[in-house]
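To keep things clear, I will list the structure first and then write my remarks on it.
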Amino acid sequence: MRKVFLAIIVLFVAATLLYVSLGRRAGISEEVEVNWSTFRGDFKRSGLYRDSLKPPLSLIRKIEVNGTMTCPCGYEDKVYVVAGMEVICLKDMQVLWNRSLLSTSFCPPTIYEGLLFLGGEDGVIRAYNGSSGELLWSVPTRFRVRTSPACWRGEAIFCTYEGSVFALNISNGNQLWGFSTDYHITASPLVYKGLAIISSQDHRIYCLNASTGALCWSLDLGYRVEHTPCLLGDVLFVPCGRSLQAIDLHGRKLWEYRATRGITCSPATNGERVIFCFEKKVACLNTSGKMLWSSEMDSRTTCAPILVGDMVFICPGTGHLYCLSLEGELLWEDEVGVHPVQSLAVFNGLLLVPSEDGLLILGSGG
């Protein structure tokens with residue numbers, strides 16, 4: 001009996017090690033969320049979704065909105081959309097609730113522990129009950145908030161366009177700490193392992209203690225950081241000007257790749273490869289900075305690509321949707337007929353395409 005028990009334990013350990021090994025080989029960390037709870041999917045801004053989404057895709061529904069959309073987020077059975085002066089909650093692709101913001105917002109929302117967080121052009125940070133839409137608290141900052149907040153251990157970290165950083169208690173909105181950079185912030189903050197990563201157009205990237213706001217280190221990159229970096233496997237990939245730079249969590253530059261033109265949106269990574277866009281190209285580097293492939297698109301894109309399993313989805317400005325393999329092979333393409341904004345998102349087996357004309361919801365099997 002003892003031998004049988006030991007054999008079962010050995011088999012269980014072996015199966016666990018095999019599962020972890022396969023996950024690492026696929027470049028997918030067990031820490032990556034299945035939900036798409038914030039801009040770029042998680043608070044590492046990886047742009048990675050580990051569930052499957054198999055083309056061909058077809059349009060299931062288009063949600064009409066008033067005003068330019070931001071990138072949606074989703075959690076459990078709900079999708080949250082900010083457009084113009086309104087925040088909308090969808091359930092089963094139907095409007096569950098909507099609320100006026102009293103101001104235009106360009107801030108992609110974040111859902112965390114059942115609370116929805118966003119900022120606006122009026123400088124007010126708001127928290128809603130994600131299920132009912134009840135406004136729980138609001139905090140005036142006097143500064144425009146255009147980036148998606150990051151949350152960690154009961155706090156929400158917001159960056160303002162004017163360069164200030166605030167950490168607020170998620171329960172009541174009380175300020176926990178603050179920090180200032182020297183210029184505009186248009187990149188969303190990252191949180192990982194108790195560190196808050198702030199990217200600024202003052203050419204610097206800042207690493208703060210997420211609990212206290214104390215500066216751990218900062219690094220001058222030589223270029224403005226306009227787009228949100230991504231992080232996976234303790235390496236930060238930062239787009240700045242024509243450069244994509246790899247930085248470790250101690251503030252050391254590992255390598256730099258120089259593109260022929262400026263990088264146009266946030267990159268995505270699965271921990272083994274980095275996908276980014278410049279000119280009319282989508283390109284792939286390995287984590288040593290070596291170019292593996294690049295593929296021509298029909299136009300420039302400012303809508304960030306996403307990784308779904310072993311596929312890359314990207315939609316440039318003409319509204320031509322591409323699906324590529326991780327080797328750069330074109331797997332599928334279609335016209336969606338809209339001008340996409342900010343970033344694609346994927347949630348519960350559906351591809352979400354935010355646009356100037358509304359939210360497109362696409363699914364498999366069409």
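The values are calculated or read from the model by the stated rules, or taken from the named source; none is laboratory data. The model shown is predicted, which means the values in this text are computed figures rather than measured ones. Positions of Cβ are backbone-derived with ideal geometry, glycine not excepted, and every protein chain shown enters the neighbour counts.
Residue check: is residue 295 exposed (fewer than 15 other Cβ atoms within 10 Å of the Cβ), closer than 17 Å to residue 275 by Cβ and of a type in the set (Ser, Thr, Tyr)?
On the way: exposed (fewer than 15 other Cβ atoms within 10 Å of the Cβ): no; closer than 17 Å to residue 275 by Cβ: yes; of a type in the set (Ser, Thr, Tyr): yes.
Judged against the criteria, residue 295 is not a match.
Which condition from (1) more than 15 Å from the chain's Cα centre (by Cα); (2) over 25 Å from residue 69 (Cα atoms) is the one that residue 336 breaks? It fails just one condition, (2). Scanning the range 150-160 for residues that are crowded, with 20+ Cβ neighbours inside 10 Å and free of Cβ contacts under 8 Å to residues at least 60 places away in the same chain returns 155, 156, 157, 158, 159, 160.
Of the residues making up the range 287-337, those that are in contact (Cβ under 8 Å) with a residue 24 or more places away in the chain and among the β-branched types (Val, Ile, Thr) are 287, 301, 302, 306, 308, 312, 314, 336.
Look at residue 213 and say whether it is surrounded by fewer than 21 Cβ atoms within 10 Å (Cβ to Cβ), touching a residue at least 12 places away in the same chain (Cβ under 8 Å) and touching a Gly at 6+ places or on another chain (Cβ under 8 Å). First the steps, then the outcome.
Values: surrounded by fewer than 21 Cβ atoms within 10 Å (Cβ to Cβ): yes; touching a residue at least 12 places away in the same chain (Cβ under 8 Å): yes; touching a Gly at 6+ places or on another chain (Cβ under 8 Å): yes.
Answer is yes for this residue.
Determine the pairs where a residue that is assigned to a loop (DSSP other than H, G, I, E, B), located within the range 233-262, has a partner that is aliphatic (A, V, I, L, M) and crowded, with 20+ Cβ neighbours inside 10 Å with Cβ atoms under 6 Å apart, the partner being 6 or more residues away or on another chain. Going by the 6 Å Cβ cut-off, the qualifying pairs are 242/259.
If you go through the range 48-73 and pick out every residue that is within 20 Å of residue 117 (Cβ to Cβ) and modelled with pLDDT of 95 or more, you end up with 4. Could you please let me know if residue 167 is among the small types (Gly, Ala, Ser) and either closer than 23 Å to residue 217 by Cβ or exposed (fewer than 15 other Cβ atoms within 10 Å of the Cβ) (or both)? So residue 167 fits the description; yes. Restricting the search to strands (runs of 3 or more DSSP E) fully inside the range 25-143 and requiring at least 1 residues that are touching a residue at least 40 places away in the same chain (Cβ under 8 Å), surrounded by 15 or more Cβ atoms within 10 Å (Cβ to Cβ) and among the hydroxyl-bearing types (Ser, Thr, Tyr) gives 73-75, 78-83, 110-112, 124-129. In the range 218-231, is there at least one residue being touching a Leu at 6+ places or on another chain (Cβ under 8 Å), aliphatic (A, V, I, L, M), surrounded by 19 or more Cβ atoms within 10 Å (Cβ to Cβ) and over 20 Å from residue 145 (Cα atoms)? Yes, because at least one residue in the range 218-231 is touching a Leu at 6+ places or on another chain (Cβ under 8 Å), aliphatic (A, V, I, L, M), surrounded by 19 or more Cβ atoms within 10 Å (Cβ to Cβ) and over 20 Å from residue 145 (Cα atoms). In the set 277, 265, only one residue is out of contact with any helix residue (DSSP H, G or I) (no Cβ under 7 Å at 6 or more places or on another chain), in a loop (DSSP other than H, G, I, E, B) and crowded, with 20+ Cβ neighbours inside 10 Å; that residue is 265. Between 256, 272, 226, the distinction of being charged (D, E, K, R) and under 21 Å from residue 71 (Cα atoms) belongs to 226 only.
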